[in-house]
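Novice: The structure under discussion is supplied below as structure tokens; questions concerning it will follow.
The values are calculated or read from the model by the stated rules, or taken from the named source; none is laboratory data. Nothing here was measured: the structure is a model prediction, and the numbers come from that model. Because the Cβ atoms are built from the backbone with ideal geometry, glycine has one as well, and the counts that use them run over all protein chains shown.
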Amino acid sequence: MLSDRRAWIEGRDVVCSGVAAPPRRTWRLVLLGAPGVGKGTQAELLSQALGVCGLSLGDVFRAARDSTNHSPTMVTALEHMDQGELVPDQTVMGLLLERRRCFKCPARMGFLLDGFPRTLAQAEALDRVLERGAVGLDAVLSYELPIDTIVARLGGRRVCPQCKSIYHLASRPPLRKGLCDHCNLALEHRPDDRPQALRTRMRIHEENTLPLLEFYRRRGLLVSISADGAPEEILKRTLDASPFAGPGELVAS
Ligand code: AMP
């Protein structure tokens, strides 16, 4: 069973429920990739396959939007998000610090950071937080795909407002048109997936990613993975890649 990730989504002293039994080994991973490469879907599938907790700041912001009580900082963060811009590093680092105990969760088997870090300053802040907790990353998975394919994918992406499951009108349609398979709620087209916001996101991604890739390549952590094909094919490609390919490393899904 996967945890409900409440400690990550809400921060502070909240405790997660629905925690799985400990697996054979712990994985601490970062997922990188342009918007639309299918990173969120891989995060979901990998979390299940490896038994790790999927942690996404995008989910934190979307959950904050659904709540009624916004701090001024969160209001500004959501404005940036809706324009397709990155939330300022200072806000992001504050949220990270608030949630640092998730990196050493005693009941879980590691974590998978989806969409964090996105800037060099965030990568350096993450290093410091992990160092202080005496934990290190096992790998940084970089999902790669030509830009035309990305644009086609994003046009059809739909998300469940409740469980955050991701669908695609063409390649991963829900069982019932427009409704989440799990929650039966109407699927949403995210404001930051709309054309103008998308163009901004792609430009920002390109500006920030190269230094990040170099940062992790130098540390020997970077694993490049083609994000072409169906989600299950990409998952298999990921699990076949180093560092997962070692004998007896994987937890049965
Ligand atoms: P995602 O779901 O990861 O694509 O994130 C959605 C939006 O949340 C992004 O377009 C940003 O506005 C914001 N966001 C998520 N993660 C970060 C981050 N690490 N740094 C800055 N902004 C972020």
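Novice: Which residues, counting only those in the range 155-189, are aliphatic (A, V, I, L, M), in contact with a strand residue (DSSP E or B) (Cβ under 9 Å, 6 or more places away or on another chain) and either loosely packed, with under 14 Cβ neighbours inside 10 Å or over 18 Å from E232 (Cα atoms) (or both)? Walk me through how you get there before you give the answer.
Specialist: Within the range 155-189, the first condition is being aliphatic (A, V, I, L, M), and the residues that meet it are 159, 166, 169-170, 175, 179, 185-187.
In the following step, the residues that additionally are in contact with a strand residue (DSSP E or B) (Cβ under 9 Å, 6 or more places away or on another chain) were identified as 159, 166, 169, 179, 185-187.
If the condition is that a residue be aliphatic (A, V, I, L, M), in contact with a strand residue (DSSP E or B) (Cβ under 9 Å, 6 or more places away or on another chain) and either loosely packed, with under 14 Cβ neighbours inside 10 Å or over 18 Å from E232 (Cα atoms) (or both), then V159, L179, L185, A186, L187 are the ones that fit.
Novice: (1) at pLDDT below 85; (2) out of contact with any Leu (no Cβ under 6 Å at 6 or more places or on another chain): which one isn't true of V135, the others all being true?
Specialist: Unmet condition: (1).
Novice: Could you go through the range 134-148 and let me know if any residue there is outside any helix (DSSP H, G or I) and within 13 Å of the ligand (Cβ to nearest atom). Before the answer, list the steps.
Specialist: First, pick out the residues of the range 134-148 that are outside any helix (DSSP H, G or I): 134-146.
With within 13 Å of the ligand (Cβ to nearest atom) added as a condition, the list becomes 143.
The answer is yes; a qualifying residue exists.
Novice: Of all residues in the range 79-93, count the ones that are part of a loop (DSSP other than H, G, I, E, B) and crowded, with 18+ Cβ neighbours inside 10 Å.
Specialist: Qualifying residue count for the region: 3.
Novice: Another question, then. Taking L45, is it surrounded by 16 or more Cβ atoms within 10 Å (Cβ to Cβ), modelled with pLDDT of 90 or more and assigned to a helix (DSSP H, G or I)?
Specialist: So L45 passes the test.
Yes/no per residue for (1) within 16 Å of the ligand (Cβ to nearest atom); (2) more than 19 Å from S224 (Cα to Cα); (3) out of contact with any Ser or Thr (no Cβ under 6 Å at 6 or more places or on another chain); (4) not in a strand (DSSP E or B):
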site: P106; (1), (2), (3), (4): no, yes, yes, yes
site: R118; (1), (2), (3), (4): yes, no, yes, yes
site: I150; (1), (2), (3), (4): yes, no, yes, yes
site: K164; (1), (2), (3), (4): yes, yes, yes, yes
